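For reference, the structure discussed in these notes is given below.
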Amino acid sequence: MISNQILQNTINGLKGISKTDFCILDTEGNVLAATFSNTEDYVQAAESFADSPAESQIMQGCQFFKVFDDRQLEYVLLANGDGDDVQMVGKMAAFQIQNLLIAYKERFDKDNFIKNLLLDNLLLVDIFNRSKKLHIDMQVRRVVYIIETDRSKDSGDLKKVKAVYGGNSQDFVTAVDEKDIILVKELLDNETYNDLNKTAEALLNLLKGDAKQEIHIAYGTIVGELKEVSRSYKEARMALDVGKIFFPEKNIVAYSTLGIGRLIYQLPIPLCKMFIREIFDNKSLDDFDEETLTTINKFFENNLNVSETSRQLYIHRNTLVYRLDKLQKSTGLDLRIFEDAITFKIALMVVKYMKYMETLD
């Protein structure tokens, strides 16, 4: 479970402190890490020691120690020397490696647990039992962030997020695919959605730096129990997708701000096509010229205010009225009437959704 590099770094550090040489072998006699060269001279002795009932032993002028992982022999540690001081240093080294095993195993178990929790792969009883074993509080306010970048998984983004948020034992940073980083963040009782957005902005600044990279961050709603974390994850996932469709200019999207886009996203495509046929009578938005589309969007931006829209478009009020009348003749919808404007706005959003779904096919 522990990489050979970690083992090597550990015994290098122990040698630097104690001036004692070490070697770590697995149960099959393979040398995993060492601070001296003639390790092959001790392989046979290590294999013999591994098969013996002794937990420590002196052979060939060296101290041999067993390192267990949950009562299962994992490593044989060799400390070069047979004096009492070497024996004490060897015991300390064995204890250090034993604790490394425990820490790495717990970390691995937590990561697996969080991944399965996010993906809703656990029964309620499993969540309760495993969270208790891993010392994860069930009754804590949490929220899930999804950070999507266009960089490779080797870019170091995951390490950056872990460096900032991984230090808190109740925050979890993981990944369930190659492009997304997931942060399950524990919240204080007084933290609000404004605070969540500040965290999202901090994440954006952390990863953006000077690089011109596309970064999208989405987060779900606050949940009060561990079993609801998967819901916040699904909300964040939906916010990420809906944000790309309807708010492409935004780097940060919250599930609670999706509005009607959240409803449209859940519509089946056949129903969307039927709705568009009814509204536009087999016409397409592509049939509208750029001037008409600009007028429509600006009219909606200004809350159907004719005077303000004409001012921002630098056209006479009568020109805008003429364009709206022309659109009414073409579609049967008068955007100056609230009900018609809502219908047209929804139709525009449905078309955006349909085009987005086509790109995924």
- Task: Provide the FRET efficiency to the nearest 0.05 for the Glu214-Gln96 pair, computing r from the beta carbons and using R0 = 45 Å.
- Result: 0.55
- Normalised by the number of residues in the stretch 201-321, what is the relative contact order in percent for Cα pairs under 8 Å and 6+ residues apart? 16 percent
- Starting from the Cα of Lys105, draw a straight line to each of the aspartates and glutamates and keep only those under 18 Å, dropping any in the same chain fewer than 8 residues away. Asp26, Asp69, Asp70, Glu74, Asp171
- Query: In degrees, nearest 10, range 0 to 90: what is the angle between the Cα axis of helix 229-246 and the longest Cα principal axis of the chain?
  - Reply: 40 degrees
- Message: I need the chymotrypsin sites (Phe, Trp or Tyr not before Pro) found in the stretch 217-321, filtered to DSSP loop residues with at most 12 other beta carbons within 10 Å of theirs.
- Response: Tyr314
- Surrounding net charge for Ile342, when Lys and Arg each add one and Asp and Glu each subtract one, Cβ distance under 13 Å: -1
- In degrees, nearest ten, helix 290-301 long axis to first principal axis of the chain (Cα): 80 degrees
- Gain on full stretching of the segment that runs from Ser3 to Asp69 - 0.36 nm per residue minus C-alpha separation: 22.3 nm
- Query: Ser256: net charge of surrounding residues, Cβ under 11 Å, Lys/Arg +1, Asp/Glu -1, itself excluded?
  - Reply: 0
- Extended-chain gain in nm, criterion 0.36 nm per residue less alpha-carbon gap, Glu40 and Asn121: 24.5 nm
- Take the Cα of Asp84, step 7 Å along the line toward its Cβ, and report every residue of the stretch 8-29 whose backbone nitrogen sits under 15 Å from that point. none
- Mean separation of Cα contacts under 8 Å (at least 6 apart) over the residue count of the stretch 60-175, i.e. the relative contact order in percent, is 17 percent
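Ignoring everything except DSSP H segments at least 4 long, calculate the 222 nm mean residue ellipticity for the chain; use -39,500 (n - 2.57) per segment, divide by total residues, nearest 500. Intermediate results must be reported in sequence, preceding the final value.
Working: 13 runs with 188 residues, N = 361.
Result for the chain, helices only: -17000 deg cm²/dmol.
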- Query: Zone of Gln170 (label point 7 Å along Cα→Cβ, backbone N under 20 Å): which residues in the stretch 228-257?
  - Reply: 228-233
- Message: Under 16 Å between alpha carbons, and skipping anything fewer than 8 positions from Lys66 in its own chain: which lysines qualify?
- Response: Lys91
- Simple spin-label estimate for Glu225/Lys273, 7 Å along Cα→Cβ, in nm, reads 4.2 nm
- Centroid-to-centroid separation of the stretch 259-276 and the stretch 101-147 [C-alpha atoms, Å]: 35 Å
- Please build a GNM for the chain, connecting alpha carbons under 10 Å apart, and tell me which residue among Tyr165, Tyr193, Tyr42 fluctuates the most. Tyr42
- Message: Restricting to Cα atoms and excluding each atom paired with itself, what does the Kirkwood estimate give for the stretch 237-361 in Å?
- Response: 15.6 Å
- Query: At a 1.4 Å probe, what is the % contribution of carbon and sulfur to the accessible area of the chain?
  - Reply: 50 percent
- Item | Gain on full stretching of the segment that runs from Ser56 to Lys283 - 0.36 nm per residue minus C-alpha separation | 73.3 nm
- Task: Taking P(r) over Cα pairs in 10 Å bins from 0, in percent as the quantity of interest, determine which of [x] 5, 18, 18, 17, 16, 10, 6, 5, 4, 1, 0; [y] 6, 28, 38, 25, 4, 0; [z] 5, 22, 24, 18, 13, 8, 6, 3, 1, 0 was computed from the displayed structure.
- Result: [x]
- Within straight-line cross-link reach of Lys250, lysines at Cα separation under 17 Å, skipping those fewer than 8 residues along the same chain: Lys198, Lys208, Lys212, Lys352
- Net charge of neighbours whose Cβ lies under 9 Å from the Cβ of Gly332, counting Lys and Arg as +1 and Asp and Glu as -1: -2
- What is the distance in Å between the Cα centres of the stretch 68-96 and the stretch 1-39? 11 Å
- Antiparallel bridge percentage (DSSP; both residues within the chain; nearest 5): 90 percent
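The values are calculated or read from the model by the stated rules, or taken from the named source; none is laboratory data. Here the structure is a predicted model, which means the values were calculated and not measured. Here the Cβ is made from the backbone with ideal geometry for all residues, glycine too, and neighbour counts use every protein chain on show. These area figures cover heavy atoms from the full protein model, side chains too; ligands, DNA and RNA do not enter into them. Shrake-Rupley method; radii C 1.70, N 1.55, O 1.52, S 1.80 Å.
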